[in-house]
Amino acid sequence: MKAVRFHKARDVRIDDVPPPDKVGAHQVLVRTSLCGICGTDLHEYLDGPHWTPKGRNPFSGAELPQILGHEFAGEVVEVGTEVTTIRPGDRVSIQPQVGPSTCDFSWNEDPV
């Protein structure tokens with residue numbers, strides 16, 4: 001599938017990426033309906049990375065290149081076996097940049 005990905009400052013490309021192949025037990029697959037571009041995305045493009053990880057994020061596993069666009073909404077397509085609060089067909093809005101409240105980790109350093 002095609003995705004617009006941020007590689008580095010002023011370097012955004014349309015890349016071929018594999019579609020999600022399976023949903024983990026605590027994960028949800030969402031078909032995106034709408035996505036906004038906000039100031040964070042513009043700052044990343046102009047002179048980032050700031051928020052996107054320079055190295056592999058120890059919590060999320062995210063690393064560059066990365067698909068920007070954290071203001072989005074869509075429809076739940078599939079839920080993992082341990083997900084109990086939403087189901088396929090539900091409409092959702094997403095905040096993917098929430099980390100765990102029980103530990104400290106750095107967004108912009110390689111994990112030790």
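Hey, can you tell me all the residues within region 3-19 that are of a type in the set (D, E, K, R), in contact (Cβ under 8 Å) with a residue 12 or more places away in the chain and under 19 Å from residue 51 (Cα atoms)? Hits for region 3-19 are 5, 8, 10, 13.
Scanning region 14-34 for residues being out of contact with any Lys or Arg (no Cβ under 6 Å at 6 or more places or on another chain), closer than 20 Å to residue 64 by Cα and surrounded by 10 or more Cβ atoms within 10 Å (Cβ to Cβ) gives a total of 2. In the set (1) aliphatic (A, V, I, L, M); (2) farther than 22 Å from residue 80 by Cα; (3) touching a residue at least 24 places away in the same chain (Cβ under 8 Å), residue 42 fails one condition alone, (3). Quick check on region 66-99: of everything there that is at pLDDT 90 or above and charged (D, E, K, R), which residue is farthest from residue 42 (Cα to Cα)? In this case the residue turns out to be 82. Look at region 20-34: where a residue is farther than 21 Å from residue 84 by Cβ and touching a residue at least 12 places away in the same chain (Cβ under 8 Å) and a partner is of a type outside the set (D, E, K, R) and outside any strand (DSSP E or B), sitting 6+ places away or on another chain with Cβ atoms under 9 Å, you get 32/69.
The values are calculated or read from the model by the stated rules, or taken from the named source; none is laboratory data. No experiment lies behind these values; they were computed from the predicted model shown. Neighbour counts are summed over all protein chains in view; Cβ atoms, including those assigned to glycine, are modelled from backbone coordinates with ideal geometry.
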